[in-house]
Amino acid sequence: MVKKLAADTNAQVQVLNTEGMLLGDSSISSTPIPVKILTPDVIQAISGENGVYIENLHNEKVLHVSVPIKNKINYIAVLRLSSSLEEVYNVIKKLVLFFGVVITASSLVALVIGFFIANRLTKPLNMVKKATQEMAKGNFKVRAQKISNDEIGVLADSFNKMAEELGQLEEMKNEFISNISHELKTPLTSIKGFAVTAMDMVGENSELYEYLNIIDEEADRLSRLVDELLDFSKIELNKIKLTFDDVDINCLIRETVVALKPVAENHGVNLICEKNNDNLVVYGDKNRLKQVLVNLIDNGIKACESGKTVKVVLEAKERAIIKVEDEGHGISESEMKHIFDKFYRGKNSRYSGTGLGLAIAKKIIEEHGGSITVESEENKGTVFTVTLPIKYQ
């Protein structure tokens, strides 16, 4: 009976008495040697409960299940089945490996699909984003590439339509500024001409002379503003023309400082010039470079209180370096971010006018292959630094 049960269950079958003594064993063909087995499963079965016990036997795990055998009154024996768990563990390992491979492969497939979908969604969005960033810099010719007909494609179409309309408005604005500036030039010339003629007629001792002089000065100021607007419109329409020739930077700085000395004296400001090189030549447009110097020095004078100093310094290293230093009220960090922006006017007198002077100066210097930067500390002063390529020393 023990051997038949072993064959049916594919397990080792043992029969023990109620004291744990081995009575029969399916793995032994002859009568078994009396051996007492008191493993936890057997002890539980002797006490009338089903027992389960797993032990390491010969480097493999073996499952023992013991159940009590009872006649009508008493427990008379214990039936014990033992089976190796190695096959079970091997199956579990194979299942774990299989599911691990499946999960890993599924994850990789999901990642690839997710990346593809994300790229399909983010690529057109990034293209629209780059286009908006370019437009924010003032480039109204930029267009977003449309690569789909979904909502993002509609967004690209809307952006391109907006860019086209803004470009047209920008062009109209620039042409308007150019036209109105030209229209103002003629009457301003007439006003100044009549004012000067009338001043000659009435003489300096006349009260009317003072009024005519104010008209003359205001006409000059308005003329300078109109010139700035004209320069701006030329820059925006890429019509600015530079006449390049050899320019002696020392001579140019000296001429500019001499011309602005009276302006500095009227403000009670000391205007001085320092140079470390007597023969420094750049290839550029003399009048446009002088326009930049006038703008920087004039701004420095306006920023200073009476008794302060504006200093122009020329150095020669790999490039010509011109520094305009003032002892004015300085520029705040928030203002420095916008100081070269078109039409930007700060909170102080440095920015009086159209707000185009520094934007034009930056464009002129860049057209010469140079750069212009600013450093400032509030209540201590400001330094504008212009660098230009040197032709020869």
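Given the criterion modelled with pLDDT of 90 or more, more than 21 Å from A259 (Cβ to Cβ) and not assigned by TED's automatic domain parsing to the domain that holds D227, identify the matching residue among G370, G284.
Numbers: G284 fails: more than 21 Å from A259 (Cβ to Cβ).
Being modelled with pLDDT of 90 or more, more than 21 Å from A259 (Cβ to Cβ) and not assigned by TED's automatic domain parsing to the domain that holds D227 holds for just one of G370, G284, which is G370.
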Neighbours by Cβ (under 8 Å, 6+ apart or cross-chain): first from region 247-271, farther than 21 Å from I321 by Cα; second of a type in the set (D, E) and buried (at least 18 other Cβ atoms within 10 Å of the Cβ): V263/D298
Subset of region 67-93 [over 14 Å from A11 (Cβ atoms), of a type in the set (A, V, I, L, M, F, W, C) and assigned by TED's automatic domain parsing to the domain that holds D25]: I69, I73, I76, A77, V78
Answer yes or no: is there a residue in region 153-169 that is closer than 22 Å to G355 by Cα, among the acidic types (D, E) and surrounded by fewer than 14 Cβ atoms within 10 Å (Cβ to Cβ). no
Suppose we filter region 249-273 for residues that are exposed (fewer than 13 other Cβ atoms within 10 Å of the Cβ), of a type in the set (A, V, I, L, M, F, W, C) and more than 29 Å from Y392 (Cα to Cα); how many remain? 0
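On the basis of being surrounded by 10 or more Cβ atoms within 10 Å (Cβ to Cβ), under 32 Å from the mean Cα position of the chain (by Cα) and not assigned by TED's automatic domain parsing to the domain that holds V62, does L111 make the cut? Give the steps one after another, and end with the answer.
Working: surrounded by 10 or more Cβ atoms within 10 Å (Cβ to Cβ): yes; under 32 Å from the mean Cα position of the chain (by Cα): yes; not assigned by TED's automatic domain parsing to the domain that holds V62: yes.
So L111 fits the description; yes.
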Which numbered condition D285 fails, given (1) surrounded by 16 or more Cβ atoms within 10 Å (Cβ to Cβ); (2) out of contact with any Leu (no Cβ under 6 Å at 6 or more places or on another chain): (2)
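Give me the strands (runs of 3 or more DSSP E) completely within region 13-77, filtered to those with at least 2 residues that are modelled with pLDDT of 90 or more, ordered by residue number. Can you show your working first?
Numbers: elements: 22-25, 51-57, 60-70.
Of the strands (runs of 3 or more DSSP E) lying wholly inside region 13-77, those with at least 2 residues that are modelled with pLDDT of 90 or more span 51-57, 60-70.
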Being touching an Asp or Glu at 6+ places or on another chain (Cβ under 6 Å) and over 11 Å from T382 (Cα atoms) is the filter here; which residues of region 287-334 pass it? K308, T309, V313, I321
When (1) surrounded by fewer than 16 Cβ atoms within 10 Å (Cβ to Cβ); (2) touching a residue at least 24 places away in the same chain (Cβ under 8 Å); (3) in the same structural domain as V13 (by TED's automatic domain parsing) are applied to H64, the one that fails is (1)
Name the single residue that is nearest to R224 (Cα to Cα) among those in region 140-185 being in a loop (DSSP other than H, G, I, E, B) and polar (S, T, N, Q). Q145
Output the residue which, of all residues in region 67-108 that are surrounded by 11 or more Cβ atoms within 10 Å (Cβ to Cβ), of a type in the set (A, V, I, L, M) and more than 60 Å from the chain's Cα centre (by Cα), is farthest from L22 (Cα to Cα). L85
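The values are calculated or read from the model by the stated rules, or taken from the named source; none is laboratory data. Everything numeric in this text was worked out from a predicted model, so none of it was measured. Every residue, glycine as well, gets a Cβ built from its backbone with ideal geometry; the counts of neighbours run over all protein chains shown.
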